[in-house]
Amino acid sequence: MTSEVISFLRENLTYSPTEGCLRWMTDRAGGKVKAGSIAGCTTSKGYRQIRIHGKWYKAHRLIWLLETGRWPTNQIDHINGDKLDNRFCNLRDVDNFTNSRNRKNNTSGVVGVSFDKVNQKWVSQTYIDGKARNLGRYDTKEEAHEAYTSANRKRLVEGVK
């Protein structure tokens, strides 16, 4: 099945590593979908999915397959927390625990960031070996999220969970 999907991808879609998207090479659906348009649609959970031979696949898993030649073993994590940022450099094959650290489960709406009402600062936090690690307090939500993203990229390079 993997070889069928890879063949379909290579024959019908192009992957743009800078945009992180798959685009159709030719018109589809009787001309309703034009060549060059981004393939698939966005799910209610915010992921892009593409239909191949009657089956729906998440775009990030297809991109992983294209780039590595194999299906992901676990879940594909979007390092920066943006479900539509499917650049390969933003994807990693991780277990459920590691992937769950990127969930937006706070009032800031930004992964790894919450607001400290007492100090009136944005707090950046990540998890290492299942323990919360404070990355500092910042004046803006964007600075706090950048600290979170930088720390996780560094850990990814170093191979730390």
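Table for the structure above
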{"read-out": "Tally, over the stretch 52-101, of residues that are touching a Gly at 6+ places or on another chain (Cβ under 7 Å) and in the same structural domain as L13 (by TED's automatic domain parsing)", "value": "1"}
{"read-out": "Residue match in the stretch 124-138 (condition: touching a His at 6+ places or on another chain (Cβ under 8 Å) and without any contact (Cβ under 8 Å) to a residue 40 or more places away in the chain)", "value": "yes"}
{"read-out": "Condition broken by G54, with the remaining ones in (1) out of contact with any Asp or Glu (no Cβ under 6 Å at 6 or more places or on another chain); (2) closer than 28 Å to S150 by Cα satisfied", "value": "(2)"}
{"read-out": "Any hit, the stretch 151-161, residues being under 23 Å from I63 (Cα atoms), at pLDDT 85 or above and assigned to a helix (DSSP H, G or I)", "value": "no"}
{"read-out": "All positions within the stretch 1-30 that are exposed (fewer than 12 other Cβ atoms within 10 Å of the Cβ), touching a residue at least 24 places away in the same chain (Cβ under 8 Å) and among the acidic types (D, E)", "value": "E4"}
{"read-out": "Test result for V33, surrounded by 18 or more Cβ atoms within 10 Å (Cβ to Cβ), among the aliphatic types (A, V, I, L, M) and farther than 17 Å from N86 by Cα", "value": "no"}
{"read-out": "Verdict on N12 being closer than 30 Å to Y127 by Cα, touching a strand residue (DSSP E or B) at 6+ places or on another chain (Cβ under 7 Å) and of a type in the set (S, T, N, Q)", "value": "no"}
{"read-out": "Test: residue in the stretch 9-18 that is part of a loop (DSSP other than H, G, I, E, B) and small (G, A, S)", "value": "no"}
{"read-out": "Subset of the stretch 110-123 (residues that are part of a loop (DSSP other than H, G, I, E, B) and either in contact with a His (Cβ under 6 Å, 6 or more places away or on another chain) or modelled with pLDDT under 75 (or both))", "value": "V110"}
{"read-out": "R48 vs. criteria within 25 Å of S150 (Cβ to Cβ), buried (at least 19 other Cβ atoms within 10 Å of the Cβ), touching a helix residue (DSSP H, G or I) at 6+ places or on another chain (Cβ under 9 Å) and at pLDDT 95 or above", "value": "no"}
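The values are calculated or read from the model by the stated rules, or taken from the named source; none is laboratory data. Here the structure is a predicted model, which is why all the values come from computation and not from measurement. FYI the Cβ positions are ideal-geometry reconstructions off the backbone, even for glycines, and counts take in every protein chain you see.
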